[in-house]
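What follows is a set of notes on a single structure, which appears directly below.
The values are calculated or read from the model by the stated rules, or taken from the named source; none is laboratory data. A quick note: this is a predicted structure, and the numbers were derived from the prediction, not measured. Here the Cβ positions follow ideal geometry from the backbone for every residue, glycine too, while neighbour counts run over all protein chains shown. The accessibility values were calculated without ligands, DNA or RNA, using every heavy atom of the protein model including side chains. Shrake-Rupley method; radii C 1.70, N 1.55, O 1.52, S 1.80 Å.
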Amino acid sequence: MQEMDLIGVRVEMPTNAPMVLLRERSGEERIIPIYIGAQEATAIALALDGVDTPRPMTHDLMRDLLEELSVDMVRVVITSLHEKTFFAELHLSVGDKVHVVSSRPSDAIALAVRTNTPIFAEEAVVEEVGFRESDPQEAEQSEEVVEEFKEFLDNISPEDFEDQG
């Protein structure tokens, strides 16, 4: 199992598909791209930027529930990839017992950002989809994508998430 750093949320061009990028903390520093939904991308990006919304978003509610119930998130693990779908687990500690709960990677990562929980990936996943970012042209393109996503985030306000009902 490899500990991963969350590089951030990106948008793949030209499809405008949001993804989260994880990089091995040590070793070859391979990157894992995981495509996620737009709402999950926004939830992760808002947490990374430290934006407080007027009302708790789903992942904020989950964090608050864990805290209220004295449950500690020990780690998030990206466990496998089946037919282009990633799977993840939340490892939760209650007292001296650890519970493992299945999760979508995007939800697990959004919660990990809010709880400062380490993210891991099974070696088989890193081997299958991990790549090294070594091409300077690729790095330049990545920076352009980051700038475009930042512009997208600049146009989102916490009020966009208020309950209209």
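Label positions at Ala17 and His82, each projected 7 Å from the Cα along the C-beta direction, are separated by 2.0 nm.
Across the stretch 78-91, coupling constants 3J(HN,Hα) worked out from phi with the 6.51/-1.76/1.60 Karplus curve, θ = phi - 60°, read 7, 8, 6, 9, 10, 6, 6, 10, 7, 10, 9, 9, 9, 9 Hz, and Gly and Pro carry x.
Close amide H contacts of Arg30 (hydrogens built in the peptide plane, cut-off under 5 Å, sequence separation of 5 or more or a different chain): Glu24. Summarising the amide proton neighbourhood of Ser80: residues at separation of 5 or more, or on other chains, whose placed amide H is nearer than 5 Å comprise Phe87. Per-residue 3J(HN,Hα) values for the stretch 110-117, derived from phi via the Karplus relation 6.51 cos²θ - 1.76 cosθ + 1.60 with θ = phi - 60°, read 4, 6, 4, 4, 6, 10, 6, 9 Hz in sequence order (x marks Gly and Pro). Here's how it looks for Arg75: its modeled amide H is under 5 Å from those of His91, which are all 5 or more places away or on a different chain.
Solvent-accessible area assigned to carbon and sulfur over the stretch 24-126 amounts to 50 percent, based on a 1.4 Å probe.
The simple spin-label model puts a point 7 Å past each Cα toward its Cβ; for Val100 and Glu68 those points are separated by 2.9 nm. Converting phi to 3J(HN,Hα) with the Karplus coefficients 6.51, -1.76 and 1.60 and the offset θ = phi - 60°, the stretch 43-59 yields 4, 5, 4, 4, 5, 4, 7, x, 7, 9, 8, x, 10, x, 7, 3, 6 Hz in sequence order, with x at every glycine or proline.
Taking all Cα pairs closer than 8 Å and separated by 6 or more residues, the relative contact order of the stretch 2-50 comes to 33 percent.
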